[in-house]
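The structure appears below as structure tokens.
Read the figures in this text as sums done on the coordinates, not as results from a lab. Computed from a predicted model, the values in this text were never measured in an experiment.
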Amino acid sequence: MKKLSRYFIIIVIILAITIGIPIIINKALYLPIKTNTTNDSDWLAFWGSFLGGIFGGFATLIGVLYTIKKNDKDKEKEEKKKLPFVVPLQKNLLVYRDVRNEQRYLSNEGKDENQFEYELIYFDLINLASEHAFNISLTWNAPKL
């Protein structure tokens, strides 16, 4: 909301200047000032070129500042894209344990005759590279007892 009111104030000021300056110039042209051999068209040409240069300079300045601001935002977006892409993943691994033999198996592996209990092993997988990770594999070898 503050940004909208700020733009409104700027537009009102610009309109006041663009309407006020020609009125002031018109009044100044008819002041009883002694000049050499200048007429109204000469003064009008002078003021037109003078004020046109000022307004043109301000318009150019505003355009350059807008372009710089937009380029900075685009550069910041590009720098954020270049940062390492990290996606934390959480996977659960179910490990079975033979209560009688105290051996551990990943999934059941067809050993239905054993009494199995299970426990969950949690691990976090984080990609710290600058590119996406594909074809990720995880292997686990049971310890030799």
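Oblate is the label for region 1-85, because the ratio a/c of its alpha-carbon gyration tensor axes (a ≥ b ≥ c) is 1.5 or higher and a/b is not greater than b/c. Extension gain, ILE24 to ALA59: 0.36 nm times the residue separation minus the Cα-Cα distance gives 10.4 nm. Return the subset of LYS2/LYS80; LYS2/LYS69; LYS2/LYS82; LYS2/LYS70; LYS3/LYS73 for which the Cα-Cα distance in this structure is over 22 Å, preserving the input order. Correct reply: LYS2/LYS80; LYS2/LYS82.
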